[in-house]
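Some notes on the structure that comes next.
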Amino acid sequence: GLVVCDGYGLAHPRRFGLASHLGVLTGLPTIGVAKNPFTFTYDAPGTPRGSTSALLAGSEEVGRALRTRDGVKPVFVSAGHRVTLDHACAHTLALTPAYRLPETTRRADALCRKALREAYSV
């Protein structure tokens, strides 16, 4: 049981993004995996898969830029609820065997696009 949100957890200006909020409401472990760094700064992680660099709010590490494929733009991982940042990165790598984004996010996006096509093709 892990909920992977397409958004942020602690890496939010108020330190309580979607992943944190959902985790507290449900009691489930949650992480946030975002496609862009929002308002935070980071140094580019190394080129190989699994490389990370700190996602910073000033001097505070609020998440990590994580390279899920060699030489591909990183994703931005943050802890949500009941999960450490190290474990959030490990789970994200496990969920990205072939593509940049976690399979959970890719499948959810595909289902939403399909539902929208069907709803507007009437």
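The values are calculated or read from the model by the stated rules, or taken from the named source; none is laboratory data. What you are looking at is a predicted structure, and each value in this text was computed from that prediction instead of being measured. Note: ideal-geometry Cβ built from the backbone for every residue, glycine included; neighbour counts use all protein chains shown. What goes into the accessible areas is simple: the full protein's heavy atoms, side chains included, and nothing from ligands, DNA or RNA. Shrake-Rupley method; radii C 1.70, N 1.55, O 1.52, S 1.80 Å.
The table below gives the values:
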{"quantity": "Selection from Ile31, Gly80, Pro102 lying farthest towards where the dipole of the chain points positive, charges on Cβ", "calculated": "Pro102"}
{"quantity": "Student exercise, segment 33-122 dipole from Lys, Arg, Asp, Glu Cβ charges, in Debye to nearest 20", "calculated": "440 debye"}
{"quantity": "For segment 3-120, accessible area per residue (1.4 Å probe, heavy atoms of protein chains only), Å²", "calculated": "55 Å²"}
{"quantity": "For Tyr8, residues with placed amide H under 5 Å, excluding near neighbours", "calculated": "Leu18, Ala19"}
{"quantity": "Accessible-area order (highest first, 1.4 angstrom probe) of the listed residues Tyr42, Tyr120, Tyr99", "calculated": "Tyr120, Tyr99, Tyr42"}
{"quantity": "Gain on full stretching of the segment that runs from Val72 to Thr26 - 0.36 nm per residue minus C-alpha separation", "calculated": "13.2 nm"}
{"quantity": "Euclidean distance between Cα centres, segment 83-116 to segment 5-72, Å", "calculated": "13 Å"}
{"quantity": "Residue-averaged 222 nm ellipticity for the chain, from DSSP H runs of 4+ at -39500 (n - 2.57), nearest 500", "calculated": "-9500 deg cm²/dmol"}
{"quantity": "Whole-percent carbon and sulfur share, accessible surface of segment 3-120, 1.4 Å", "calculated": "58 percent"}
{"quantity": "Three-way shape call for segment 1-67 based on the alpha-carbon gyration tensor, with the a/c threshold at 1.5", "calculated": "oblate"}
